[in-house]
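Trainee: Structure below; questions to follow.
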2 protein chains.
Amino acid sequence: MYEDRIRCAALRGKITSAAEAAKLVRNGMRVGASGFTRAGDTKAVPIELARRAREEQEPLRITLMTGASLGHDVDRMLTEAGVLERRLPFQVDTTLRRAINRGEVMFVDQHLSETVEMLRANLLGKLDLAIIEAAAITETGGIVPTTSVGNSASFAILAEKVIVELNLAQPLALEGLHDVWIPGRRPHRDPLPILHPHDRVGTSIIDIPPEKIAAIVITNEADSPSTVLPADEETARIAGHLIEFLKHEVKHGRMSAQLPPLQAGIGTIANAVLSGFVNSPFEALTMYSEVLQDSTFDLIDAGKMVFASGASMTLSAPRQAQVLADLDRYRDKLVLRPQEVSNHPEVIRRLGLIALNTALECDIYGNVNSTHVGGTHMMNGIGGSGDFARNASCAIFATKAIAKDGRVSSIVPMVPHVDHNEHDVDVIVTEQGLADLRGLAPRERAKLIIDRCAHPLYRDLLRDYHDDALKIGGQTPHNLARAYEMHLRFNETGSMLPDRTGGLVASGA
Amino acid sequence: MYEDRIRCAALRGKITSAAEAAKLVRNGMRVGASGFTRAGDTKAVPIELARRAREEQEPLRITLMTGASLGHDVDRMLTEAGVLERRLPFQVDTTLRRAINRGEVMFVDQHLSETVEMLRANLLGKLDLAIIEAAAITETGGIVPTTSVGNSASFAILAEKVIVELNLAQPLALEGLHDVWIPGRRPHRDPLPILHPHDRVGTSIIDIPPEKIAAIVITNEADSPSTVLPADEETARIAGHLIEFLKHEVKHGRMSAQLPPLQAGIGTIANAVLSGFVNSPFEALTMYSEVLQDSTFDLIDAGKMVFASGASMTLSAPRQAQVLADLDRYRDKLVLRPQEVSNHPEVIRRLGLIALNTALECDIYGNVNSTHVGGTHMMNGIGGSGDFARNASCAIFATKAIAKDGRVSSIVPMVPHVDHNEHDVDVIVTEQGLADLRGLAPRERAKLIIDRCAHPLYRDLLRDYHDDALKIGGQTPHNLARAYEMHLRFNETGSMLPDRTGGLVASGA
């Protein structure tokens, strides 16, 4: 059975049930699981683990590392079963998020390029077990990943033992799509030889000795589809501002007509903005990104994009079905890489990417909060946004200017949590407009951000704050006694606006 | 005249006075000048420029870019003469700082690796003029830099015209010490081929066509000496904690016995800590840093350090005299590079540096403020600390736990300006102790930082804050209404301590 999927005959005897395989996980272990923004995650063993934890009396708490977020409610089930002691480097699950914010799960929010770098340097402890989804296992025991590479390769290489979830729902045609390059141990490391998004520099499989594979579990389930919302009026306007800006850059010789390779963060806004390029004058676009979303395939289908490099493909249900059925059409236009390669500062700086990521809120000086609601409560995590923004040739952050029917402004006097500071933020864009902050001092940035990006409802409030702060002076004028006035007012009244009833608008609702 | 120093005969006719050369600078120009932390700065033309601005009636305001800070009170004189409209990427001058904080000079505080990257990409406008200190000009018009390379090479290459200050006080023996490598224009750029701190990958001169050299000014003046203070009891204790930590890392196999290459920021604390390695068990140390200070030469002289790569040498007066007289002794142990190479994320990540930089203040979650006093007023600038901390294998920030006789705590509930966030800060060390934050969640970090790093005077205050913030909860608990209580109290009373008279201590005075 499964000869085409398990080509190393000696390994066919390792097939077992998810419940049996899950017994390899013991209390206190560190476990690395595949999965990057719902793609290529393990679909059976973690769920058995949650079941076992609920049924058994003995404690079963682990450190779980992944590529990024998981699908199939795995994080929810593990949280509800109390299995998660420590979780890194990213998540998007509501139940897990609440447990993190109650301090019940220690969440280590990391740049996505850094987890396996730290693991390899023995800074996160020994990895006991890897659980990796595969489309196939080769004659030599090599693992063919599925819709993501993420951290799977290094997890499999660094772990003591590996459980493979062989997913029959992932087509064999995925084979050959991946390019696995693993950096050497420092200080003896060679340059990462990627010079273009399409360069293939590694192997198409995760190369581990077959004897490390302790169990194989057969699954047959699609990835959870992406939850990205369709474009709306605001995201279309954001895309419009951004395309005008890029046309302007090309016109002034600061970007080539083909544009530098694009990166776009996960989520509705970035996806919608990227889709906006379908109707742009740009041709022969390339991506060097982490997550390939529907928009990437929209651009390929429209003949606008010639190549896309990522760490995963996270697609809506119809797109997923179409792309997986039609892989030969995309084969020469795609590559999936380990996330430390897709997000590597060396390559990002070399290629000079345009990086487009989403901000939760920005302050008037251009500092960005990507993660902490109210400065305290974790939303998802920084993800790859820092990897890209720091070294991109143009780091763009997009957000709608208001949220919650206008009761929240995404432009605030001072962000209560800084994921990206003024040094790394080149452009801020909202549906109101775009602020090009490059080469500007903070006082200049403030004027531009308030004028161009803030919602009219909040412009005067922000100007008043800045005028008041100017009395205190400094390179970055602030009045610390008032810096969080808008946030505190929201906590008290449910709105950042001073007049709770008078100011509400339907815009953006 | 100067045959040994100006070997291109055609250029000897370009010798002129500083005052004449300064006439090449006109109102509104963008000027790039050599100089990195006082080393290899231009010593005559900018001063003439200041004189001319004071004497002339017509406006003379320019954008001045340098490598980093300048000596010889150049920034003071230019500020007093009203010449500086815009200044980047770093400064340390008291007069300029005040003008910046009054909003009279637009200061663009940049990662030191990024200025010429932006200039090359035409993001900072056209560079009209470069003023570069040289030890010699070669037969082909190539410039031999002096005690710094900094941004000099790219300034000379990118500027329309170049003024050379030929400084006879800089020994000709400096020739050959430099390694100038310039990255290609993106997106067609090769890997930066440095695999070890001692690798030489470029040319020993700044290679420009001789016809670009518009004027040569002869000077004869030493670099301004560094202003670093001697080690004291606290810095010795910081060094002690750090060396214990590194020994522990070696013992547990997380670092090699030789240690990864070291980077150390400019300043008294980093210099003193580095000097502490003289009495450590570590051997065959290397540096891959930006500024080489006295401590580097202490370590070389002690036989502890085998090679040091930097962008400049900034030394005390006696060290400067000794090193410059004795260059042959250090020749095979030193290289000076462009700052975008010394600070390049690609090399920093590849070599896995230990990065040691100074914090102005840290918060209980490990966010670091390196630049803004009180969150508003610029001290010096971020410098290279971000370039290094982001990609080092171990990013350490050092500070004394208190300042101003105990009236200021360097550990605070929330920093009012974030230069390095939790994602990039691995270790915080004060004279009180060391907190290893790697792999920890914010709530865990807070406990460790308060217990290990905070001064006993402030521990209870910080614990009270954190306990109160825990009631609000979240991944990173904060009470925004109280987050800046200590800062506001200092503004009001001159002390962060609640009891102004009772709490003062002499420690650290």
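The values are calculated or read from the model by the stated rules, or taken from the named source; none is laboratory data. The structure displayed is predicted, hence computed values, not measured ones. Methodologically, a virtual Cβ is constructed for each residue, glycine included, from the backbone with ideal geometry; neighbour enumeration extends over all protein chains shown. Just the protein is used for accessible areas: all its heavy atoms, side chains included, with ligands, DNA and RNA removed. Shrake-Rupley method; radii C 1.70, N 1.55, O 1.52, S 1.80 Å.
Trainee: Pull up the stretch A:301-310, narrow it to residues that are assigned to a strand (DSSP E or B) and of a type in the set (A, V, I, L, M, F, W, C), then point me to the one that is surrounded by the fewest Cβ atoms within 10 Å (Cβ to Cβ).
Mentor: Filtering first and then ranking leaves A:Val306.
Trainee: May I pose another question? Out of all the residues in the stretch A:273-300, which are aliphatic (A, V, I, L, M) and either open to solvent by less than 10 Å² (accessible area, probe 1.4 Å) or not in a helix (DSSP H, G or I) (or both)?
Mentor: Within the stretch A:273-300, A:Val273, A:Leu274, A:Ala284, A:Leu285, A:Met287, A:Val291, A:Leu292, A:Leu299 qualify.
Trainee: When you check B:Thr146 against the structure, is it within 23 Å of B:Met1 (Cα to Cα) and surrounded by fewer than 24 Cβ atoms within 10 Å (Cβ to Cβ), yes or no?
Mentor: So B:Thr146 does not fit the description; no.
Trainee: Can you tell me which residues in the stretch A:348-380 are touching a Phe, Trp or Tyr at 6+ places or on another chain (Cβ under 7 Å) and within 13 Å of chain B (Cβ to nearest Cβ)?
Mentor: Within the stretch A:348-380, A:Ile348, A:Leu351, A:Leu353, A:Val368, A:Met378, A:Asn380 qualify.
Trainee: Next question, about the same structure. Which residues, counting only those in the stretch B:98-116, are facing chain A (nearest Cβ under 8 Å) and hydrophobic (A, V, I, L, M, F, W, C)?
Mentor: If the condition is that a residue be facing chain A (nearest Cβ under 8 Å) and hydrophobic (A, V, I, L, M, F, W, C), then B:Ile100, B:Met106, B:Phe107, B:Val108 are the ones that fit.
Trainee: With respect to B:Leu119, is the statement that it is assigned to a helix (DSSP H, G or I) and either surrounded by fewer than 24 Cβ atoms within 10 Å (Cβ to Cβ) or within 14 Å of chain A (Cβ to nearest Cβ) (or both) true?
Mentor: Spelling it out, B:Leu119 is indeed assigned to a helix (DSSP H, G or I) and either surrounded by fewer than 24 Cβ atoms within 10 Å (Cβ to Cβ) or within 14 Å of chain A (Cβ to nearest Cβ) (or both).
Trainee: Could you tell me whether any residue of the stretch A:390-408 is in contact with a Ser or Thr (Cβ under 7 Å, 6 or more places away or on another chain), of a type in the set (A, V, I, L, M, F, W, C), open to solvent by 10 Å² or more (accessible area, probe 1.4 Å) and away from chain B (no Cβ under 14 Å)?
Mentor: There is at least one residue in the stretch A:390-408 that is in contact with a Ser or Thr (Cβ under 7 Å, 6 or more places away or on another chain), of a type in the set (A, V, I, L, M, F, W, C), open to solvent by 10 Å² or more (accessible area, probe 1.4 Å) and away from chain B (no Cβ under 14 Å).
Trainee: Something else: Under 7 Å between Cβ atoms, at least 6 apart or on separate chains: pull out the pairs that start in the stretch B:53-79 with a residue that is of a type in the set (Asp, Glu) and end on any residue that is assigned to a loop (DSSP other than H, G, I, E, B) and surrounded by 21 or more Cβ atoms within 10 Å (Cβ to Cβ).
Mentor: Hits for this filter: B:Asp75/B:Gln91; B:Asp75/B:Asp93.
Trainee: Is there a residue being in contact with a Phe, Trp or Tyr (Cβ under 9 Å, 6 or more places away or on another chain), more than 14 Å from every other protein chain (Cβ to nearest Cβ) and touching a residue at least 60 places away in the same chain (Cβ under 8 Å) anywhere in the stretch B:178-199?
Mentor: No - not one qualifying residue is present in the stretch B:178-199.
Trainee: Regarding B:Gly150, is this residue away from chain A (no Cβ under 14 Å), within 29 Å of B:Val306 (Cβ to Cβ) and out of contact with any Lys or Arg (no Cβ under 9 Å at 6 or more places or on another chain)?
Mentor: Yes; evaluated as a whole, the condition is true for this residue.
Trainee: Also, quick follow-up: In contact with a strand residue (DSSP E or B) (Cβ under 8 Å, 6 or more places away or on another chain), hydroxyl-bearing (Ser, Thr, Tyr), buried (at least 24 other Cβ atoms within 10 Å of the Cβ) and outside any strand (DSSP E or B) - does that describe any residue in the stretch B:187-206?
Mentor: No: the stretch B:187-206 contains no residue that is in contact with a strand residue (DSSP E or B) (Cβ under 8 Å, 6 or more places away or on another chain), hydroxyl-bearing (Ser, Thr, Tyr), buried (at least 24 other Cβ atoms within 10 Å of the Cβ) and outside any strand (DSSP E or B).
Trainee: Looking only at the stretch B:432-476, count how many residues are facing another protein chain (nearest Cβ under 7 Å), touching a residue at least 12 places away in the same chain (Cβ under 8 Å) and assigned to a helix (DSSP H, G or I).
Mentor: Residues flagged as facing another protein chain (nearest Cβ under 7 Å), touching a residue at least 12 places away in the same chain (Cβ under 8 Å) and assigned to a helix (DSSP H, G or I) within the stretch B:432-476 amount to 1.
Trainee: Now for a separate question. Can you find a residue that is touching a residue at least 40 places away in the same chain (Cβ under 8 Å) and facing another protein chain (nearest Cβ under 8 Å) anywhere in the stretch B:500-507?
Mentor: No, the stretch B:500-507 contains no residue that is touching a residue at least 40 places away in the same chain (Cβ under 8 Å) and facing another protein chain (nearest Cβ under 8 Å).
Trainee: Which residue pairs have Cβ atoms under 8 Å apart, sit 6 or more places apart or on different chains, and have a first residue in the stretch B:1-30 that is under 17 Å from B:Asn167 (Cα atoms) and a second that is open to solvent by less than 30 Å² (accessible area, probe 1.4 Å) and at pLDDT below 95?
Mentor: From residues that are under 17 Å from B:Asn167 (Cα atoms), the pairs are B:Cys8/B:Gly141; B:Leu11/B:Gly141.
Trainee: Could you tell me whether the stretch A:327-340 includes any residue that is open to solvent by less than 10 Å² (accessible area, probe 1.4 Å) and either of a type in the set (Asp, Glu) or within 14 Å of another protein chain (Cβ to nearest Cβ) (or both)?
Mentor: Looking for residues that are open to solvent by less than 10 Å² (accessible area, probe 1.4 Å) and either of a type in the set (Asp, Glu) or within 14 Å of another protein chain (Cβ to nearest Cβ) (or both), one finds at least one in the stretch A:327-340, hence yes.
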